[in-house]
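Encoded as structure tokens, the structure appears first; notes follow it.
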Amino acid sequence: MTAASNFRQKTHFMKSWKPQRPPSNRDRLELYALHKQSVSGDAPTSDPPSASVADKAKLTAWRSKMGLSQQDAMEAYVVECERQVQLYGTRDDGSRSSAGGGGGSGATTSSSQQQQQQNNQQQQQQQQSSGAPASSQSTPMYHSTTPQNTPAAQNNSNNNNNDDDGVLLCPRGLAAIPLLCAAASESRSAYLARLQVTHPSNGWWAKQEPLCLEVNNPLSIPEKLIIGIACQIERISLVVSEYMGHGQAVSLLSPRVLQAFLWPVHNVFLSIWVLWILVCTYLGSMVSMSQTLLFGAKRTNTPLGRLFLEEILPAARAVESLCEQHQTISVRMSGLALMPMMILCDVANGVVGRLGILVGSVVFVGMGACGWWYWLCVLPWLAVCSVCLAVMSGWCFGLIELSGN
């Protein structure tokens with residue numbers, strides 16, 4: 001199956017996709033940019049004079065793909081769609097059509113709808129073989145316009161004037177926290193087994209990127225530092241088998257000994273990453289709320305109510321979930337360290353219910369600013385201490401693995 005065929009099927013599926021959780025603003029813009037690059041090529045270099053804040057954000061995301069060929073953009077779009085479907089899940093309401101091409105995802109469609117889809121696919125294949133231009137006016141396979149809101153539950157692609165409501169404020173990092181917690185719960189035996197079948201150039205940490213801010217944003221340096229250090233630690237765990245073990249330079253020790261020693265460090269860095277995501281979300285909400293209080297929601301395009309609904313309250317519930325009994329001890333310690341943040345969010349939300357959104361926003365910003373020393377001094381110190389504890393406990397696991405040999 002060609003890249004264009006995969007792209008058509010995935011675009012059709014994303015039109016009707018209903019996620020369990022709303023995708024973040026960054027993920028929506030990523031799909032929009034890849035789709036526009038696939039259909040129209042490079043973006044214009046200047047913004048229209050009447051462009052809204054949402055339109056400028058979409059153009060900026062589109063320009064980030066400049067130079068990417070349309071075929072590569074189609075392949076990247078398919079990969080990104082699969083990642084988001086796996087990340088955000090699919091709401092099963094029995095009304096979604098098949099993911100495309102008769103794949104049989106459990107959804108039901110009428111025979112007439114299936115026949116219409118087959119006819120459309122035949123027309124699309126004929127257009128592709130005849131070299132028809134990939135434009136929104138001449139190729140119905142692109143559904144005439146680039147999707148402005150990918151999930152069908154909030155699809156509003158009829159015009160560009162109504163796209164502002166589709167740009168969600170929920171950060172991608174909050175949606176990734178359950179996955180990071182699941183990764184941190186990996187047992188020692190499972191971790192060692194995974195390293196045995198993983199190539200040094202294909203490590204898990206090597207595939208990660210900052211979730212809170214754009215990669216080229218200077219403020220993403222702390223998150224890139226966390227990922228970079230963890231990536232080097234994982235690389236040591238992966239290449240150690242070339243120097244340790246039977247027939248190697250260090251034949252007395254199995255590589256599993258050093259890998260077991262580094263296992264708690266790996267888990268702690270996952271917990272530190274979760275901690276940073278929540279702190280960054282909290283501080284970012286404070287900044288956005290301060291700007292809205294000073295300049296108004298029309299200029300910032302971030303209403304106070306949506307900040308509470310889509311950032312502050314989800315962040316508080318995420319902290320609460322970190323302290324649940326099924327979480328690993330490193331994740332639960334991160335949750336305990338962030339408990340003041342959850343309390344501040346809940347207190348501000350309580351003030352909103354009693355005195356209104358304006359007073360609650362002022363209380364939220366004020367309490368957060370008064371606790372600057374905790375976010376900038378105490379939490380980094382706790383993160384360093386947790387790494388030291390992980391190194392000390394690593395000796396125990398290394399000795400356990402050594403005695404088992």
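The values are calculated or read from the model by the stated rules, or taken from the named source; none is laboratory data. What you see is a predicted model; the values in this text were computed from it and never measured. Cβ atoms come from the backbone with ideal geometry, glycine included; neighbour counts cover every protein chain shown. The protein model used for the area step is the full one, side chains on, heavy atoms only, and it has no ligands, DNA or RNA in it. Shrake-Rupley method; radii C 1.70, N 1.55, O 1.52, S 1.80 Å.
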>> How large is the direction-averaged shadow of the alpha-carbon convex hull of segment 311-405, in nm²?
In response: 7.6 nm²
> Over segment 241-382, with a single point scatterer placed on each C-alpha, what log10 of the ratio I(q)/I(0) does the Debye formula yield at q = 0.16, 0.19 1/Å?
Replying inline: -0.84, -1.06
> Short version: ³J(HN,Hα) in whole Hz for each residue of segment 349-357, in order, from phi by Karplus 6.51 cos²θ - 1.76 cosθ + 1.60 (θ = phi - 60°), x for Gly and Pro, what are they?
Replying inline: 5, x, 5, 4, x, 9, 10, x, 5
>> Nothing charged except the Cβ atoms of Lys and Arg (+1) and of Asp and Glu (-1): what's the magnitude of the dipole of segment 209-324 about its Cα centre? Round to the nearest 20 debye.
In response: 220 debye
> What does the accessible area of S403 come to, in Å² to the nearest 10, when a probe of 1.4 Å is used?
Replying inline: 90 Å²
>> Suppose each label sits 7 Å from its Cα in the direction of the beta carbon; what would the S69-Q325 distance come out to in nanometres?
In response: 5.7 nm
> Which FRET efficiency value, to the nearest 0.05, is calculated for W381 and V215 with the Förster distance at 22 angstrom and r the Cβ-Cβ distance?
Replying inline: 0.20
> Can you put D27, D47 in order of accessible area, largest first, using a 1.4 Å probe?
Replying inline: D47, D27
>> With unit charges on the beta carbons (Lys and Arg positive, Asp and Glu negative) and the dipole taken about the Cα centre of segment 223-372, which residue among L307, P255, N267 sits farthest to the positive side?
In response: L307
> Taking a quarter of the surface of the convex hull around the Cα atoms of segment 263-305, what do you get in nm²?
Replying inline: 3.3 nm²
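Less than 13 Å Cβ to Cβ from I400, Lys/Arg counted +1 and Asp/Glu -1: what total charge do the surrounding residues give? Please report the intermediate quantities before stating the final value.
Details: positive: R188, R256; negative: E401.
Residues near I400 contribute +1 overall.
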> Amide H of T90: which non-local residues (sequence gap of 5 or more, or other chain) have their own amide H closer than 5 Å, using H built in the peptide plane?
Replying inline: Q20
>> If the reach is capped at under 20 angstrom between alpha carbons, list the lysines near K207, excluding any in the same chain fewer than eight residues apart.
In response: K65, K224
>> Checking the cross-link filter: which lysines have an alpha carbon closer than 18 Å to that of K10, excluding same-chain neighbours under 8 positions apart?
In response: K18, K36
